[in-house]
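Data first, discussion second: the structure below is written as structure tokens.
Nothing in this text is a laboratory measurement; each read-out follows from the coordinates by a stated rule. All of these numbers come straight from a predicted model, not from anything done at the bench. Cβ placement follows ideal geometry from the backbone for every residue including glycine, while neighbour counts extend to all protein chains displayed.
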Amino acid sequence: MSLASASTEADQADSLRSEKGSMALTSGFLGIGLLLIICWMLPGLAQANMIHYYDFVLKEINFTRLCSSKSLLVVNESLPGPVIRVTKGDTVYVNVHNQGSYGVTIHWHGVHQPRNPWSDGPEYITQCPIEPSSNFTYEIIFSDEEGTLWWHAHSDWTRAGVHGAIVVLPSNNTGFPFPQPDAEEIVVLGSWYKGDVNAEVAEDLEAGADTPRSNSYIINGQPGDFLPCSNQSTYKWRVDYGKTYLLRLVNAAMNAELYFAIAQHSLTVVGMDGSYLKPVETDFVMISPGQTMDILVKANQPLGRYYIAARQFDSARPDVTDYDQTNATAILEYSGNYSTSSSTPIFPSSLPTYQDIKSALNFTNRLRSLADQDHPVNIPINITTRMYITVTMNNVVFDYEGVSSSALSSALNNVSWINQDTDVLLAYYRNLSGFYTTDFPDFPPSFFNFTALDVPDNATDTIQGTKVKMLDYNEEVEIVFQGTNVFDASEDHPMHLHGYTFYVVGSGGGNFDNETDPKGYNLVDPPKMNTVSVPKNGWLALRFKASNPGVWLWHCHLDRHLSWGMNTVFIVRNGDTPETSIREPPPYLPPCTGSSPIQLLHFDNSNENKLNTIN
Ligand SMILES: [Cu+2]
């Protein structure tokens, strides 16, 4: 498919039709005529925003990977799932039909959804799950996003199979801020578990134990040549010599930052999380779970076959090595006449090793917003809300029949989030009391050397709660996330905010110093992201303007930390006008019928000065 910056609306309509066609082929479900495109042309405007319709059918199907078979819930029978393709400013309706056996929600990661938290998706935050044999239509409103984003399930660990890319093309008027690529390629990195991952997680959370590790990483659904029973199905990307490709890279892995490289091919990173960057030329990238990157790749090497490879970047303790150490591969294959049978593809020597922290930092520190006339930065300067949030691994300690017991958990400012059985958005919108409290703290409960080898004993204690942070409309917010060595468990935490992108104005090692560190902030061209890793034993500062009223989840995008409570919710109040207020709810919302069976035990900590006691 050609890239559409200079294409006509008819071309776009055609490309959309062909996309629906391929979806129909893969799903066997969609009939003809499901695609409706309605354009409304405002007089005098060259660009028409379009409306697109998709059907997502969630169904368990059988997959064989790593020499064993299992059934996995996926969308339209494909892994990764279907691509949503739009032009900047379009609106998409996705009707999600749940033909699986448990409740699911879907999140449109990186789409700001102005005033429309109703379709954001995280379960028990903005909606209750879409129950089996029912359906729900999401209205996904694109505004200023441009580039690659993605969608994924936002309930339990279902996103292992339920995810796919979103392509947002520039409007016809503007085009790309780089020479028009000849073609594009979508690469989705994921995690493969041989077992039933939701069942395993449910067991682990009940036991207070650690959660499962993946058995391999996958590239567009395939582990690649280095994994057992996999070399017949290795993903192949066919290129023509001399062409430039726009590689759209998504990290959909469940619990891992990933290194990614293509042997002997330079990568030019030009965008991230739906915003453009100053081009970064590199021979590898480090991509955190939740992040997306737009990368230019020139097919300028001798005709042949080259490995595309991804492996985990593990920032945790060096002596803990039980993480997934597989090397997932695909093959970049030139078209033309050369001998393929005898030649083994070359492995990228530029791919850093698992625990190479320096390479990760060197790469992420190079990212800058494009910050040109057509893509100006708009960094909040008059900060009205400042927060300092510690990200910690914790123990939730509780009294069980007179015996002190504990379970693994994680927290922000020593609060571990607990989902209630009604979503926060509905409770807020309908003014229902008893489902959340508005006392998420702006600071940690105590200050100590957060990144020291030894931290105070009581630093590991956390309380559980459903505590939200309230913000007024248009407040200018600065958050400093502080990594901690609590529990001897410091590592990177990829923090993701729903409904917004933010500017990452600074980061560094050790404890944040609120006098000296702000002097080094980049207020000229900081990168704009929706997911960013707080560095191991370091800090990270970001800013955003609370211009999108709604109920928005803030969480670590390592799913095990999300399950253990490393999240909170920001509620941004309405402005003074209907145009600055949350939209009306859709006519139908999935009913709330109870809590998820997969969650951390909820202990009673109504008296916060005492230890948690079991309910
Ligand atoms: Cu985390």
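General observations
- Only beta bridges with both residues in the chain are counted; by DSSP, about 70 percent of them are antiparallel.
- Note on the chain: the alpha carbon radius of gyration divided by the globular reference 2.2 N^0.38 Å gives 0.92.
- Solvent-free Debye calculation, one equal scatterer per alpha-carbon of region 385-614: log10 I(q)/I(0) at 0.07, 0.12, 0.17 Å⁻¹ equals -0.23, -0.69, -1.30.
- DSSP beta bridge pairing in region 176-368, given as percent antiparallel to the nearest 5: 75
- Gained length - Arg305 relative to Ser133, 0.36 nm times residue gap less alpha-carbon distance: 57.4 nm
- Overall, region 236-282 carries a charge dipole of about 220 debye about its Cα centre when +1 sits on the Cβ of Lys and Arg and -1 on the Cβ of Asp and Glu, all other atoms neutral.
- For region 296-346, the C-alpha radius of gyration sits at 1.62 times the compact-globule guess of 2.2 N^0.38 Å, with N the residue count.
- For region 176-368, alpha-carbon Rg over 2.2 N^0.38 Å: 1.06
- Anisotropy class assigned to region 63-189 is oblate, per the alpha carbon gyration tensor with a/c at or over the 1.5 cut-off and a/b no larger than b/c.
- Overall form of region 446-554 per C-alpha gyration tensor (a/c, 1.5; a/b vs b/c): oblate
- Rounded to 5, the percent of DSSP beta bridges in region 385-614 classed as antiparallel: 70
- Shape summary: region 251-333 maps onto an equivalent ellipsoid whose semi-axes, from the alpha-carbon gyration tensor, are 24, 18, 10 Å in decreasing order.
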